[in-house]
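A quick write-up on the structure given underneath.
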Ligand SMILES: C=C(N)C(=O)O
C-alpha cells in the first residue's frame, strides 16, 4: 500500500514524480530543489539553497505528520563539492541529537541549475 504525500508549502514537482510517497511506514521524499513554494523563486547561494531545500523537506514531512527527527537517511546533491562546507553549516542546524545517515555527492548538474538538492527517507 502506498500513499502520495503532497504539501502546498513545498514546491510542486517539476516532472513526473510525487513530492513524497509513504509505503510501509517509510516516507520517501523526492529531491527538494531550493525553491520557495510561495514565490516560486529559487534561493541564492549554497547556504540559502541548503536551508530552502531542508525547509521543503520539513514541510513535506509535516504533511505526513512527521518531523526532521524521523529522518533516517538523506542524500545531498551538490553542483560542486566546493559547496560542501557551506551546506554542512546549515544542514547541521536542522537536526538534534544523532544525525541521520547521509550521502553527499557532487553531480554534473541539477534541475533548474540549482546548487543544492536534498532528498530523504523518514520512518514513522
Ligand atoms: C527535482 C527532482 N527531484 C526531479 O526532477 O526528480
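Couple of notes before you dig in:
- Cα gyration tensor category, rounded, prolate or oblate, for region 26-93 with a/c compared to 1.5: oblate
- Ranking of 124, 102 by count of other Cβ atoms within 10 Å, fewest first: 124, 102
- Were the residues from residue 73 through residue 123 laid out at 0.36 nm apart, the gain over their Cα-Cα distance would be 17.0 nm.
- Volume in Å³ per residue [convex hull over Cα atoms, computed for the chain]: 97
- Angle of helix 46-63 to the longest C-alpha principal axis of the chain, folded into 0 to 90 degrees and rounded to 10: 0°.
- Ordering of 23-32, 87-96, 45-54 by packing is 45-54, 23-32, 87-96, highest average first (other Cβ atoms within 10 Å, averaged per residue).
- Inter-label distance, residue 82 to residue 41: 2.5 nm, where each label sits 7 Å from its Cα along the C-beta direction.
- Difference of contour (0.36 nm per residue) and Cα-Cα distance, residue 106 to residue 24: 26.5 nm
- Sorting 6, 120 from the fewest to the most surrounding beta carbons within 10 angstrom yields 6, 120.
- Over the chain, relative contact order from alpha-carbon pairs under 8 Å, at least 6 apart, %: 32
- Theoretical gain in end-to-end length, residue 95 to residue 62 [0.36 nm per residue, Cα-Cα removed]: 10.4 nm
- Cβ-based exposure ranking for 123, 116, in which fewest neighbours within 10 Å come first: 123, 116
No lab work stands behind these numbers, since they all come straight from the coordinates. Every value quoted in this text rests on a predicted model; they were computed, and no experiment measured them. Positions of Cβ are generated from backbone atoms using ideal geometry, with glycine treated the same way; all protein chains shown enter the neighbour counts.
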